[in-house]
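The values are calculated or read from the model by the stated rules, or taken from the named source; none is laboratory data. Since we're looking at a predicted model, the values are computed, not measured. When we count neighbours, we look across all protein chains shown, and the Cβ atoms used for this are built from the backbone with ideal geometry, even at glycine.
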């Protein structure tokens, strides 16, 4: 096909719908909230939530993944622009990760050896991992889909951020249900669950987000 | 002379608002630049393949034209899309594509030149930076880099061998780069 003809064809097409990252962010947030709302609606938050939050470590269980989710979402939507520089965006994610790592080390240092991994039953573990991953499936799919509207230079990284936002958002909701307040437990297994979703979404994104 | 970049931005703005004629003009204006880049990079391919790649790039610009922020410069966006797509196409066609930034120096350099005050500001900034060097280093930079005097003359005037002059210039430039970097960080 002649390039001039191609240009004539392209110019005859209707203009694109406007690209509004805020609207796209809203869709992803809705996709995070929906399964979490259904889950908490069916099973309820933990009964002693207000009491548990008197211990300042416990609100961190919710605040850290929430912060990670918001930061990942912001970075994701900026990466939708082709000219975005990835490195500066990723630097912002370091804060919640550093706090989480610090919390883990602090808990390891202060807890007596017998109490460190006391809650580590196979059931509690698979419950935590399985439910977070399950709650993250819909938001991850929506985030990946939304990103197809964008023009990310780094498809795999964008997929990873979509998974990170979804996994962290799911963990935020799950944390209101979860009764494990030992940082060694929740930092480790929330972290693993979020990492699983992140890696899976990165692999999907690598294929899906090319353009 | 009008700045082609502003022109393109205006055309694409109109295009995204629904002006098909402006869009056609935008694509026609961009095509030779894309073609030049593809030709320079794809010597291993025939001209018909070049044109295929040019069309792929135009299609990518078309599909992603909504991702340009109208209040942002057009060229970084355009360059990012062209680079991504050219690399992608060369990869798909079985050749490693290397896109050194020099290929784009012409289009990239056009933006700052657009503002007549930018050059004046740059000169003022350079002077401010040079003022932070010791006088001898500053004189070396002024003489060799800014006034482009012959090294032999400068060496005679400053009583230095040409080798020492080169080393002095190198050090001064490194120092300037460090100062300039520190300066921009402060403004952030």
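Which of the residues that make up region A:1-22 are more than 30 Å from residue B:48 (Cβ to Cβ), in a helix (DSSP H, G or I) and within 10 Å of another protein chain (Cβ to nearest Cβ)? Don't jump to the end; show me each part of the working.
Within region A:1-22, the subset more than 30 Å from residue B:48 (Cβ to Cβ) is A:14-15, A:17-22.
Going one step further and asking which of them are in a helix (DSSP H, G or I), we end up with A:21-22.
A:21 - this is the single residue of region A:1-22 that is more than 30 Å from residue B:48 (Cβ to Cβ), in a helix (DSSP H, G or I) and within 10 Å of another protein chain (Cβ to nearest Cβ).
Can you confirm whether residue A:144 is surrounded by fewer than 16 Cβ atoms within 10 Å (Cβ to Cβ), within 17 Å of the chain's Cα centre (by Cα) and in contact (Cβ under 8 Å) with a residue 24 or more places away in the chain? Walk me through how you get there before you give the answer.
Details: surrounded by fewer than 16 Cβ atoms within 10 Å (Cβ to Cβ): no; within 17 Å of the chain's Cα centre (by Cα): yes; in contact (Cβ under 8 Å) with a residue 24 or more places away in the chain: yes.
No: the conditions fail for residue A:144.
How many of the residues making up region B:146-163 are part of a helix (DSSP H, G or I), over 18 Å from residue B:130 (Cβ atoms) and either outside the structural domain of residue B:131 (by TED's automatic domain parsing) or modelled with pLDDT of 80 or more (or both)? Let's see the steps before the verdict.
Initial filter on region B:146-163 (part of a helix (DSSP H, G or I)): B:146, B:151-158, B:162-163.
Narrowing the set further to residues that are over 18 Å from residue B:130 (Cβ atoms) leaves B:151-153, B:155-156, B:162-163.
Retained after the next criterion (residues that are either outside the structural domain of residue B:131 (by TED's automatic domain parsing) or modelled with pLDDT of 80 or more (or both)): B:151-153, B:155-156.
Selection size over region B:146-163: 5.
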* **Filter pass, residue A:105 being surrounded by 15 or more Cβ atoms within 10 Å (Cβ to Cβ) and either farther than 26 Å from residue A:202 by Cβ or within 14 Å of chain B (Cβ to nearest Cβ) (or both)** => no
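Condition check ((1) modelled with pLDDT under 95; (2) surrounded by 14 or more Cβ atoms within 10 Å (Cβ to Cβ)) across all residues:
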site	(1), (2)
A:57	yes, yes
A:60	yes, yes
A:66	no, yes
A:77	yes, yes
A:81	yes, yes
A:84	yes, yes
A:87	yes, no
A:91	yes, no
A:95	yes, no
* To do: Can you confirm whether region A:23-46 contains a residue that is within 14 Å of another protein chain (Cβ to nearest Cβ), assigned to a helix (DSSP H, G or I) and touching a helix residue (DSSP H, G or I) at 6+ places or on another chain (Cβ under 7 Å)?
  => yes
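From the list B:22, B:17, pick out the single residue that is in the same structural domain as residue B:93 (by TED's automatic domain parsing) and over 17 Å from residue A:7 (Cα atoms).
On the way: B:22 fails: over 17 Å from residue A:7 (Cα atoms).
When all the criteria are applied, what remains is B:17.
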* Asked: Hey, does region A:169-182 have a residue that's over 12 Å from the mean Cα position of the chain (by Cα), in a helix (DSSP H, G or I) and within 14 Å of chain B (Cβ to nearest Cβ)?
  -> no
